[in-house]
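Before any comments, here is the structure.
The values are calculated or read from the model by the stated rules, or taken from the named source; none is laboratory data. Remember, it's a predicted structure, so these values are computed and weren't measured experimentally. Backbone-built Cβ (ideal geometry, glycine too); neighbour counts: all protein chains shown. The protein model used for the area step is the full one, side chains on, heavy atoms only, and it has no ligands, DNA or RNA in it. Shrake-Rupley method; radii C 1.70, N 1.55, O 1.52, S 1.80 Å.
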Amino acid sequence: MTAASNPITTIPRRTFIQGAAGIGALASLGQPVFAQTAEFTLKWANNIPATHPSTIRIREAADAIKKETNGRVDIQVFPNNQLGGDTDMLSQVRSGAIDIFPLSGLILQTLVPVAGINGLAFAFKDYPTVWAAMDGDLGAYIRGAIDKVNLHTFDKCLDNGYRNITTSTKPINTAADLKGFKIRVPVSPLWTSMFKAFGAAPTGINFSEVYSALQTKVVEGQENPLAIIEIAKLYEVQKYCSMTRHMWDGQWILANGKRWNSLPRDIQAVINKNVALAVEKQRDDIRRLDNSVEAQLKAKGMIFNDPDPKSFRETLSKAGFYQDWRKKFGDEAMSKLEKYSGKLA
Ligand code: X2X
């Protein structure tokens with residue numbers, strides 16, 4: 001859905017409140033009141049449900065930013081693909097129709113090729129390695145490439161998580177189980193090539209369409225971190241969860257470059273500080289969910305299995321997956337990654 005076709009989402013919240021109650025009424029209720037319309041209204045959109053930590057923590061940050069700037073900055077949060085699917089929102093943040101939009105580096109890859117590099121299968125053995133890389137030299141290298149397409153990136157990315165395969169038909173125990181398997185992947189060259197290398201039949205579908213694609217059996221399965229499988233209720237349309245942990249994925253928080261640069265320094269500083277705080281909390285939330293959600297999903301009837309990664313890695317190596325991407329990303333980028341991952345082959 002676009003903003004234009006959905007008049008409700010385009011009404012600034014302030015207008016709404018004033019219309020409903022009036023400033024005087026709110027003041028008498030003891031609510032903080034900012035008499036004027038905000039000087040800087042920023043639209044923040046994402047592809048993730050309102051109940052996901054990525055949305056919850058950013059809403060908290062938006063409240064803090066409003067307070068700390070005495071109402072000068074109003075960040076309006078539009079979760080759950082309200083303003084479009086990922087591909088569409090990427091166009092919107094580039095054009096300025098959306099101001100801020102967190103996006104997986106692997107989807108951003110269509111615009112910034114190197115941004116997909118952290119998705120190379122089995123690159124990061126654990127979270128300390130993920131954050132060393134993404135908050136260190138590898139992340140800095142990727143952010144440098146993003147800057148060149150006139151998008152501003154906040155320093156630290158959001159966690160999405162280690163991804164696992166769910167299916168409606170059978171558990172995935174080895175790579176051979178993926179032969180001919182109809183699987184949804186996000187719209188991204190690296191994701192598509194990975195599942196082709198497994199011998200599967202991947203289809204690129206934006207997250208906004210995933211639930212219905214699974215429900216109508218356009219595809220048999222998909223892959224996502226446990227937190228998403230739970231919060232987006234994918235367990236309603238999937239039976240098996242195979243803990244492949246084949247890739248770690250995060251979201252870069254992208255802002256329209258022109259819009260970001262037009263904000264006064266002091267305003268940028270308040271936003272930066274609160275977004276950084278939100279990211280730290282979001283990462284903690286996801287870690288906790290990653291450890292606790294499995295039990296909830298089992299209680300809802302999902303059947304779990306823990307495949308040995310060996311056959312998956314070997315299949316990718318044999319298919320030339322790592323070699324192909326080494327060529328595409330180039331030696332400089334690969335050396336930044338392998339500083340953390342060790343040699344990938
Ligand atoms: O589209 C997905 O699968 C999701 C929600 O994990 C991403 O944002 C990449």
* Asked: Relative contact order for the chain using alpha-carbon pairs under 8 Å, separation at least 6, rounded to a whole percent?
  -> 23 percent
* **Phi to ³J(HN,Hα) by Karplus 6.51 cos²θ - 1.76 cosθ + 1.60 over the stretch 172-177, Hz, x for Gly, Pro** => 9, 9, 9, 4, 4, 5
* Structure fact -> The alpha-carbon center of the stretch 113-136 and that of the stretch 289-345 are separated, in whole Å, by 10 Å
* Asked: Rounded to the nearest 0.05, what FRET efficiency is calculated for Glu68 and Asn291 with R0 set to 25 Å and r the Cβ-Cβ distance?
  -> 0.15
* Asked: Roughly how large, in nm² to one decimal, is the mean projection of the convex hull of the alpha-carbon atoms in the chain?
  -> 17.6 nm²
* Asked: Label points 7 Å out from Cα along the Cβ direction at Lys233 and Lys258: separation in nm?
  -> 4.0 nm
* Structure fact -> SASA check, Val149, accessible area w/ 1.4 Å probe, all protein chains in place, rounded to nearest 10 Å², comes out at 40 Å²
* Please check which bits of the stretch 201-228 a label hung off Lys298 would reach, taking the label as a point 7 Å along Cα-to-C-beta and the cut-off as backbone N under 17 Å. => 226-227
* Taking the convex hull of the alpha carbon atoms in the stretch 132-192, what volume per residue do you get, in Å³? -> 137 Å³
* Asked: Setting aside same-chain residues fewer than 8 positions from Lys125, which aspartates and glutamates have a Cα under 17 Å from its Cα?
  -> Asp135, Asp159, Asp249, Asp290, Asp306, Asp308, Glu314, Glu338
* Structure fact -> So the FRET efficiency between Ala201 and Glu39, C-beta based with R0 = 45 Å and rounded to 0.05, is 0.30
* Which of Asp285, Asp88 is most accessible, then next, and so on - probe 1.4 Å -> Asp88, Asp285
* Share of carbon and sulfur in the accessible heavy-atom surface of the stretch 103-197 [1.4 Å probe, %] -> 56 percent
* **Förster radius 35 Å - calculated FRET efficiency between Ser91 and Asp266, Cβ distance, rounded to 0.05** => 0.70
* Asked: Accessible area per residue, 1.4 Å probe, Å², for the stretch 76-210: what's the number?
  -> 31 Å²
* To do: Could you pull out every one of the lysines with an alpha carbon less than 25 Å from that of Lys170, ignoring same-chain neighbours closer than 8 positions?
  => Lys179, Lys182, Lys196, Lys217, Lys233, Lys239, Lys298, Lys300, Lys310, Lys318
* Asked: What number, rounded to the nearest 500 deg cm²/dmol, is the helix-based mean residue ellipticity at 222 nm of the chain, given -39500 (n - 2.57) per DSSP H run of at least four residues and division by all its residues?
  -> -13500 deg cm²/dmol
* Asked: Over the stretch 237-345, what percent of the accessible surface lies on carbon and sulfur atoms, probe 1.4 Å?
  -> 50 percent
* Asked: With each pseudo-label sitting 7 Å past Cα toward Cβ, what's the Arg59-Asn173 distance in nm, one decimal?
  -> 4.4 nm
* Over all pairs of distinct alpha carbons, what does the Kirkwood formula give as the hydrodynamic radius of the stretch 213-345, in Å? -> 18.7 Å
* Structure fact -> Taking every other residue with Cβ under 15 Å from the Cβ of Ser335 and scoring Lys and Arg +1, Asp and Glu -1, one gets +2
* Structure fact -> Note, the stretch 232-237: 3J(HN,Hα) by Karplus (6.51, -1.76, 1.60, θ = phi - 60°), whole Hz, Gly/Pro = x, goes 8, 6, 5, 4, 5, 10
